[in-house]
Amino acid sequence: MMTPLHDRMRGWAERYFERDLAQLKRRLPELIAELAPGASTRSLATAVLPRIQEAIHATRACLIVDGSVVGASGVNPREVRGNARPTISVDGSAIFHCNAGDSLFPVRMALRCPFGAERGWLLLGPRPDGSLYGTHELATLSDIAPALRQGLFATKSRDDERARDRRKFRNLRARIDSLASHIEGRPLPDRSSR
């Protein structure tokens with residue numbers, strides 16, 4: 001009898017006091033599911049970062065996948081590249097890495113591939129008053145992490161595949177142009193006798 005009552009009271013409290021977090025938890029996975037099949041990694045990050053930033057009241061946010069900055073909000077991506085490269089953590093099981101001394105991104109959330117390697121990072125700046133996030137904000141980020149990870153990694157794989165295809169096409173085009181220029185200097189064989 002107490003468990004259903006507790007769940008209802010917790011749900012009411014979340015909706016009333018933590019409306020932004022409840023909406024983020026509910027709507028962000030839906031948004032990612034809608035965008036991921038056709039979006040690029042950058043466009044997905046551009047759509048997701050402002051919503052995360054607004055819900056947890058972060059001054060800035062950034063997404064890094066496979067060592068590349070794929071999206072930044074409230075900060076110049078050049079500043080991120082130069083100063084905020086995350087490093088592999090010593091404790092491979094921790095999802096959050098907090099460093100109150102880091103003024104740019106004191107909270108970093110690891111985005112791990114299914115085999116456990118840290119393949120991406122969600123970097124978060126402090127709140128406008130300089131404080132860090134509470135357990136409710138971190139729990140909400142943990143809840144959205146699987147959808148975020150899946151969407152980002154799927155779009156990144158697709159982007160990489162498209163880039164490989166473009167490189168192959170350029171190489172083939174260069175070879176065709178080279179053959180065409182080589183053949184232009186020679187007379188064409190007579191095919192009428194065949």
Quiz item: Share of Cα-Cα pairs in the stretch 100-170 beyond 20 Å, in percent?
Solution: 46
Quiz prompt | Net length gained if the chain between R78 and H182 were fully extended (0.36 nm per residue, minus Cα distance) | solution = 33.0 nm
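Of the listed peptides 21-31, 164-174, what is their order by residue-averaged count of other C-beta atoms within 10 Å, with the highest listed first?
Values: 21-31: 16.5, 164-174: 10.0.
Result, highest mean Cβ count within 10 Å first: 21-31, 164-174.
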Self-check item: Calculated from backbone phi, Karplus (6.51, -1.76, 1.60) coupling profile of the stretch 115-124 in Hz, x at Gly/Pro
Solution: 8, x, 6, 6, 9, x, 9, 9, 9, 10
Quiz item: What accessible area, in Å² to the nearest ten, does a 1.4 Å probe give for H57?
Solution: 100
Quiz item: What is the set of long-range amide H partners of R119 at a cut-off below 5 Å, with H atoms built 1.01 Å from backbone N?
Solution: L111, R112, C113
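The values are calculated or read from the model by the stated rules, or taken from the named source; none is laboratory data. The structure displayed is predicted, hence computed values, not measured ones. Cβ coordinates were reconstructed from backbone atoms using ideal geometry, including for glycine residues, and neighbour counts include every protein chain displayed. The area values use the complete protein model at the heavy-atom level, side chains included, leaving out ligands, DNA and RNA. Shrake-Rupley method; radii C 1.70, N 1.55, O 1.52, S 1.80 Å.
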